[in-house]
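Q: After the structure tokens below, expect a handful of questions from me.
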Amino acid sequence: MTEGDTGRVAESDIDIHEIMRRIPHRPPFLMIDRAENYAASQSLVGVKCVTINEPFFAGHFPGAPVMPGVLIIEAMAQTGGLLMSKSWEADPTGKIILFMSVDNCRFRHPVRPGDVLRLDVKVLRSRANVVKFAGRALVGEKLAAEAEFAAMLVDAPR
């Protein structure tokens, strides 16, 4: 803690317990550990603490572990889904948020064990039950990946 830090979580922060109440993903496929800077229907920053214990590192790549790009995009999508779920107070027992598309995806910097991946997701537009996002994945000040993507809120299968 820093001087003056009370140890309290900010109102705009979301812990792992709330994440697991709002989206259906579970380890090892849950790609965000917490979220910060929640602004309803506008933006959210997901946080993934990348460890050597991640199951994908065993094969990607032995001796030179790098987080797969598709999982970085998945972490962005989960952050967007969490933003939708919280903003709309979606009932996770009756609704599910599905990833629809990804556009303009670029990978700029590798993500390695020990990195803290910050997933800065902003709403570009929202219509009915579909949201288009812009996402940036950062390690410190370095841009690891960027993409635009969309998700849709639908009825959960019975």
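The values are calculated or read from the model by the stated rules, or taken from the named source; none is laboratory data. These figures come from a predicted structure and were not determined experimentally. Methodologically, a virtual Cβ is constructed for each residue, glycine included, from the backbone with ideal geometry; neighbour enumeration extends over all protein chains shown. These accessible areas exclude ligands, DNA and RNA; they are computed on the full protein's heavy atoms, side chains included. Shrake-Rupley method; radii C 1.70, N 1.55, O 1.52, S 1.80 Å.
Q: Please go through (1) in contact with a Phe, Trp or Tyr (Cβ under 9 Å, 6 or more places away or on another chain); (2) open to solvent by less than 60 Å² (accessible area, probe 1.4 Å); (3) among the hydrophobic types (A, V, I, L, M, F, W, C) for MET100 and return the number of the only condition it doesn't satisfy.
A: With respect to (1) in contact with a Phe, Trp or Tyr (Cβ under 9 Å, 6 or more places away or on another chain); (2) open to solvent by less than 60 Å² (accessible area, probe 1.4 Å); (3) among the hydrophobic types (A, V, I, L, M, F, W, C), MET100 is out only on (2).
Q: So, one more: What are the residues in the stretch 23-58 that are in contact (Cβ under 8 Å) with a residue 40 or more places away in the chain, among the polar types (S, T, N, Q) and more than 15 Å from VAL111 (Cα to Cα), if any?
A: SER41, GLN42, SER43
Q: If you check every pair at least six apart or on different chains, which have Cβ atoms under 9 Å apart with a residue in the stretch 115-135 that is in contact (Cβ under 8 Å) with a residue 12 or more places away in the chain and closer than 12 Å to SER43 by Cα first and a residue that is aromatic (Phe, Trp, Tyr) and open to solvent by 40 Å² or more (accessible area, probe 1.4 Å) second?
A: none
Q: Right, something else. Of a type in the set (D, E, K, R), modelled with pLDDT of 95 or more and open to solvent by 30 Å² or more (accessible area, probe 1.4 Å) - does that describe any residue in the stretch 34-41?
A: Within the stretch 34-41, one or more residues are of a type in the set (D, E, K, R), modelled with pLDDT of 95 or more and open to solvent by 30 Å² or more (accessible area, probe 1.4 Å).
Q: Here's something else I'd like to know. For the stretch 64-85: of the residues being open to solvent by 30 Å² or more (accessible area, probe 1.4 Å) and not in a loop (DSSP other than H, G, I, E, B), which is nearest to ARG136 (Cα to Cα)?
A: Here the answer is GLU74.
Q: Can you say whether PHE61 is without any contact (Cβ under 8 Å) to a residue 40 or more places away in the chain, open to solvent by less than 50 Å² (accessible area, probe 1.4 Å) and more than 18 Å from ARG118 (Cβ to Cβ), as far as the supplied structure shows?
A: So PHE61 fails the test.
Q: Here's a follow-up. Yes or no: PRO92 open to solvent by 60 Å² or more (accessible area, probe 1.4 Å) and farther than 22 Å from VAL154 by Cβ?
A: Against the criterion (open to solvent by 60 Å² or more (accessible area, probe 1.4 Å) and farther than 22 Å from VAL154 by Cβ), PRO92 does not qualify.
Q: Looking at the stretch 104-146, which of its residues are farther than 17 Å from LEU82 by Cα, assigned to a strand (DSSP E or B) and either in contact with a strand residue (DSSP E or B) (Cβ under 9 Å, 6 or more places away or on another chain) or aromatic (Phe, Trp, Tyr) (or both)?
A: ASN104, CYS105, ARG106, PHE107, VAL116, LEU138, VAL139, LEU143, ALA144, ALA145, GLU146
Q: On to the next question. With respect to VAL45, is the statement that it is part of a strand (DSSP E or B), open to solvent by less than 30 Å² (accessible area, probe 1.4 Å) and in contact with a Gly (Cβ under 8 Å, 6 or more places away or on another chain) true? Break it down into steps so the answer makes sense when it comes.
A: Values: part of a strand (DSSP E or B): yes; open to solvent by less than 30 Å² (accessible area, probe 1.4 Å): yes; in contact with a Gly (Cβ under 8 Å, 6 or more places away or on another chain): no.
For VAL45, the condition - part of a strand (DSSP E or B), open to solvent by less than 30 Å² (accessible area, probe 1.4 Å) and in contact with a Gly (Cβ under 8 Å, 6 or more places away or on another chain) - is not met.
Q: Next question. Tally the residues that are surrounded by 15 or more Cβ atoms within 10 Å (Cβ to Cβ), within 23 Å of GLU54 (Cα to Cα) and not aliphatic (A, V, I, L, M), restricting the search to the stretch 113-138.
A: So the answer is 5.
Q: If you go through the stretch 29-45 one residue at a time, how many are in contact with a Ser or Thr (Cβ under 9 Å, 6 or more places away or on another chain) and under 17 Å from ARG112 (Cα atoms)?
A: The qualifying residues number 2.
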